[in-house]
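What follows draws every value from the coordinates through simple rules; no lab data is involved. Quick caveat, the model's predicted, so the values are computed rather than measured. When we count neighbours, we look across all protein chains shown, and the Cβ atoms used for this are built from the backbone with ideal geometry, even at glycine.
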Amino acid sequence: MINKNYWLLFLVLFCSCKNNKKNIKTNNDTVKAQSQSNILDSAKTITNSPSTSDYKLLSKKALNGNEDAYDELFYIFMDSNKMERTDSLMIYAKVMAEKFNYKKAYLDYFKALCEKYDIEANYPYYNIVDISKMPEDSKKAATKWLNKMLEKKIITKEQFDSIKK
């Protein structure tokens, strides 16, 4: 009697596993068909979906100077955790600022650097920014970046001087 119960249990489990494999195969076929029909559409448009393919497309476009792609990545990063957000944003912002002279990226880089050390950077209230709390090497980097922003006329001399160093 016990052997029959085990046999019946084994048979039920075997059949249920076989059904799951069929469902997985069906789902893969559906996804494959959808992705093949939308290849051209996804290459032409930028969506808000932070999927891997969209992220790679946005990343590639942003690193080539596309301001819209950079802005889209910015909002994707703002939805991620603090450490990922600040480090990733600093990389893209630095490229967009230095290579393509995108003014918003200068501000984004500085704000991400401040956020990394829990320093509030609320534009245009530069008088509340206190970079003296940063480690020495980061403080030097922040000051150097602020000087670049001053040279590019992104901030004024008064704003620069109001930041606590």
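Going from the fewest other Cβ atoms within 10 Å to the most, the residues Val95, Val129 appear in the order Val95, Val129. Here is the P(r) of segment 67-122: all C-alpha pair distances, binned every 10 Å from 0, give 27, 59, 14 in whole percents. For segment 54-141, the set of GluC sites (Glu not before Pro) satisfying both a DSSP loop assignment and a count of at most 13 other C-beta atoms within 10 Å is given as Glu120. Evaluated at q = 0.13, 0.21, 0.23 Å⁻¹, the base-10 log of the normalised Debye intensity for segment 99-155, with identical point scatterers placed on the Cα atoms, takes the values -0.29, -0.78, -0.93. Using a ≥ b ≥ c from the Cα gyration tensor of segment 69-165 (square roots of the eigenvalues), is it rounded, prolate or oblate, where a/c under 1.5 gives rounded and otherwise the larger of a/b and b/c decides, a/b for prolate? Verdict is oblate for segment 69-165. Extension gain for Glu67-Lys104 works out to 12.4 nm (0.36 nm per residue, less the C-alpha to C-alpha distance). Could you calculate the FRET efficiency of Lys144 with Asn122 from 1/(1 + (r/R0)^6), where r is the beta carbon distance between them and R0 is 30 Å, rounded to 0.05? It comes to 0.90. Shown here for segment 90-165: chymotrypsin sites (Phe, Trp or Tyr not before Pro) in loop regions (DSSP other than H, G, I, E, B) with at most 13 other Cβ atoms within 10 Å, namely Tyr125. Seen from Ala141, the other residues with C-beta closer than 12 Å to its C-beta sum to a net charge of +4, counting Lys and Arg as +1 and Asp and Glu as -1.
Here the 3J(HN,Hα) profile of segment 93-104, calculated from phi with Karplus coefficients 6.51, -1.76 and 1.60 at θ = phi - 60°, is 5, 5, 4, 5, 6, 6, 7, 10, 6, 7, 4, 4 Hz, Gly and Pro shown as x.
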